[in-house]
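The values are calculated or read from the model by the stated rules, or taken from the named source; none is laboratory data. Predicted, not measured: the structure shown is a model, and the values here were computed from it. Heads up, the Cβs are rebuilt from the backbone with ideal geometry, glycines too, and the neighbour counts pull from every protein chain shown. Accessible surface is based on the protein model in full, side chains and every heavy atom, while ligands, DNA and RNA are left aside. Shrake-Rupley method; radii C 1.70, N 1.55, O 1.52, S 1.80 Å.
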Amino acid sequence: MFSIGELSKRTKVKVPTIRYYEEMGLLAAPERTEGNQRRYDAAGLERLSFIRHARDLGFSIEAISSLIELQEHPDRSCQAATEIAAAQLADVRAKVRKLKALEQELARMAKGCDGNGLSEDCYVLASLSDHEYCEHEH
């Protein structure tokens, strides 16, 4: 059995976040000692590790909840899990495209100003003030 502090150390999930996951129903409410301290078992540690890994991969709370539901019913098809992962991948790819466009725009903006002039003539400041300076939508 693990205290909430021990669980936090083992999973690198902050104590308030563990409590939040309990409130959201992602993590079952643990047993309590006579002193009302939480005590987690190995299944709680495993579940929190699952949640942490899913969060690290960017899955939403709702998606994680759905994945846990599937995990709790091993006789069901994994199609829904595949669809959830594919949706997350599509979301990540969209973010990467947006970040690449931002990178290009920022590089162009920074290149437009050598930093030796006055701020009233600064291309970076002008670009931030007027979207017309930008080459791409972002």
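Close contacts from the stretch 29-53, counting a first residue that is of a type in the set (A, V, I, L, M, F, W, C) and a second that is in a strand (DSSP E or B), with Cβ to Cβ under 9 Å and a gap of 6+ residues or different chains, come to Ala29/Arg38; Ala42/Phe2; Leu45/Phe2; Leu48/Tyr40. Among the residues of the stretch 116-123, is there at least one that is out of contact with any helix residue (DSSP H, G or I) (no Cβ under 8 Å at 6 or more places or on another chain), touching a residue at least 12 places away in the same chain (Cβ under 8 Å) and among the acidic types (Asp, Glu)? For the stretch 116-123, residues out of contact with any helix residue (DSSP H, G or I) (no Cβ under 8 Å at 6 or more places or on another chain), touching a residue at least 12 places away in the same chain (Cβ under 8 Å) and among the acidic types (Asp, Glu): absent. Scanning the stretch 9-28 for residues that are assigned to a helix (DSSP H, G or I) and open to solvent by 70 Å² or more (accessible area, probe 1.4 Å) yields Lys9, Arg10, Pro16, Arg19, Tyr20, Glu23, Met24.
Quick check: anything in the stretch 124-133 among the charged types (D, E, K, R) and within 28 Å of the chain's Cα centre (by Cα)? No, that holds for no residue. Take the conditions at pLDDT 90 or above and buried (at least 16 other Cβ atoms within 10 Å of the Cβ) and apply them to Arg38. Does it pass? Here the answer is no, as Arg38 does not meet what is asked. For the stretch 76-115, the set of residues classified as under 17 Å from Ser60 (Cβ atoms) and either touching a strand residue (DSSP E or B) at 6+ places or on another chain (Cβ under 8 Å) or of a type in the set (Ser, Thr, Tyr) (or both) consists of Thr82 only.
Look through the stretch 47-74, keep the residues that are open to solvent by 80 Å² or more (accessible area, probe 1.4 Å) and over 15 Å from the mean Cα position of the chain (by Cα), and return whichever of them is farthest from Val13 (Cα to Cα). Restricting to residues being open to solvent by 80 Å² or more (accessible area, probe 1.4 Å) and over 15 Å from the mean Cα position of the chain (by Cα), the top hit is Pro74. Checking each residue in the stretch 75-96 for being surrounded by fewer than 10 Cβ atoms within 10 Å (Cβ to Cβ) and charged (D, E, K, R) picks out only Asp75.
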